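Enquirer: First the structure, which I've put down as structure tokens, then a few questions once you've had a look.
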Amino acid sequence: MSGSLGSRARPAASRSTPARSRRDDNYPGFLRSLGSSTAARGGDERKVLNHLRQHDFGPLSTNIRDLFARLQLRVDDDQAWRYFTSEAGSRLIERFTQMCDEAVEEGGEPDEIGRIISENTVEIVGFRKLRYQAAGTFRGVVFGVAVGTAFSLFVGLGVVHMLVSLFGSITDELGAGDTPVSVPTFLHVSGLNIGLLRMLALTMLFINATLSSILLRIVDGGTHVRHLQDFPMLL
């Protein structure tokens, strides 16, 4: 491995996918096996990877086999590791592979380095899963509030429209006779603008959708345009 492989690897997308999450889950086991086997075999990575590529590391197995095939060409080992971290598509794998490489170059024991880094990887993956669970719960609450708010506003507008029509017809009938009847003040609803109320309701929903989508992006992670995916559904 090369000390520069992490810095030159393609940045991974911030949004996790199921395959990428499974690679992250299997990476600590691969790293631990790589470190212990490398120490036992005197630092021969090719022999170690030839053995490890026969094991099942989930979606990471394909990347390990491709890595071994590139190393066997003996063209550019650094480039082979860069392809491995890039194709894995995980920032976590990229950073911890870089850390492992730098530690080995500084004279550390591969088995001890693999054990320490794999344990830290497991903890980070665990924290990430907790974050995804919290984000999923928060997403459900936000969408529930948005649906409830929209339902309440438009049901309320429907009731107001019905009452305006009812009271309007009553005042018209009372004032249309030969002997006009004094109409109570609370029945004078002709000045109520239903169109304006609809615009206010839509404005409230628009503001709620904008703020909620931004909060979801912050809690759930992702790029700065992530909220554009949630905004139409919230609106």
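Enquirer: Work out the P(r) tail for region 61-120: percent of alpha carbon pairs separated by more than 14 Å, whole number.
Expert: Value for region 61-120 (Cα pairs over 14 Å): 60 percent.
Enquirer: Mind ordering 129-142, 22-35 by average Cβ neighbours within 10 Å, highest first?
Expert: 22-35, 129-142
Enquirer: Place the peptides 75-88, 95-108 in order of packing, highest mean first, counting for every residue the other Cβ atoms within 10 Å and averaging per peptide.
Expert: 75-88, 95-108
Enquirer: Using +1 at the C-beta of Lys and Arg and -1 at the C-beta of Asp and Glu, which of Ser37, Tyr83, Cys100 has the Cα lying farthest in the positive direction of the dipole of region 5-108?
Expert: After comparing all options, I get Tyr83.
Enquirer: Moving to a separate point now. What is the projected area of the convex hull of the Cα atoms of region 38-167, averaged over all directions, in nm²?
Expert: Dividing the Cα hull surface by four gives the mean projection, 12.3 nm².
FYI, it's all coordinate maths here, none of it is from the lab. Because the structure is a prediction, the values reported are computed rather than measured. Here the Cβ is made from the backbone with ideal geometry for all residues, glycine too, and neighbour counts use every protein chain on show.
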